[in-house]
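Okay, so here's the structure we're looking at.
The values are calculated or read from the model by the stated rules, or taken from the named source; none is laboratory data. Bear in mind the structure is a predicted one, so any value in this text is a computation, not a measurement. All Cβ positions, glycine included, derive from the backbone under ideal geometry; neighbour counts span all protein chains shown.
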Amino acid sequence: MSDAFRKDFSTKAEEKATPDSSKSTLDKTKESITGAGDKAARGAQPDHDKSTTQSVGDKVGRSKDENVHGGSGGSVVDSTSYLPLY
């Protein structure tokens, strides 16, 4: 299993537990960038190639993203396939 660009669960929990008001701008920026990398890596590797804990964690993350952002259940690639080509 490749964990490149992945955040471990303890890091994610620590970031969530720390209020934004006590974080520096640099910390917030770092969390945003590493979070985007983690999300991209989450989608790039199939669940069957992940450990059980990573697969479950990613499923929970995708479910949360879908509920928060009103996802269609499709990937970014799926959503761009409906764009008209001029």
Exercise for review: Could you figure out which of (1) farther than 15 Å from residue 60 by Cα; (2) surrounded by 12 or more Cβ atoms within 10 Å (Cβ to Cβ); (3) free of Cβ contacts under 8 Å to residues at least 40 places away in the same chain; (4) not small (Gly, Ala, Ser) isn't true of residue 45?
Suggested key: (3)
**Study point:** All positions within the range 15-42 that are acidic (Asp, Glu) and either out of contact with any Lys or Arg (no Cβ under 7 Å at 6 or more places or on another chain) or surrounded by 10 or more Cβ atoms within 10 Å (Cβ to Cβ) (or both)
**Key:** 15, 27, 31, 38
**Study point:** Verdict on residue 58 being at pLDDT below 80, surrounded by 11 or more Cβ atoms within 10 Å (Cβ to Cβ) and within 19 Å of residue 15 (Cβ to Cβ)
**Key:** no
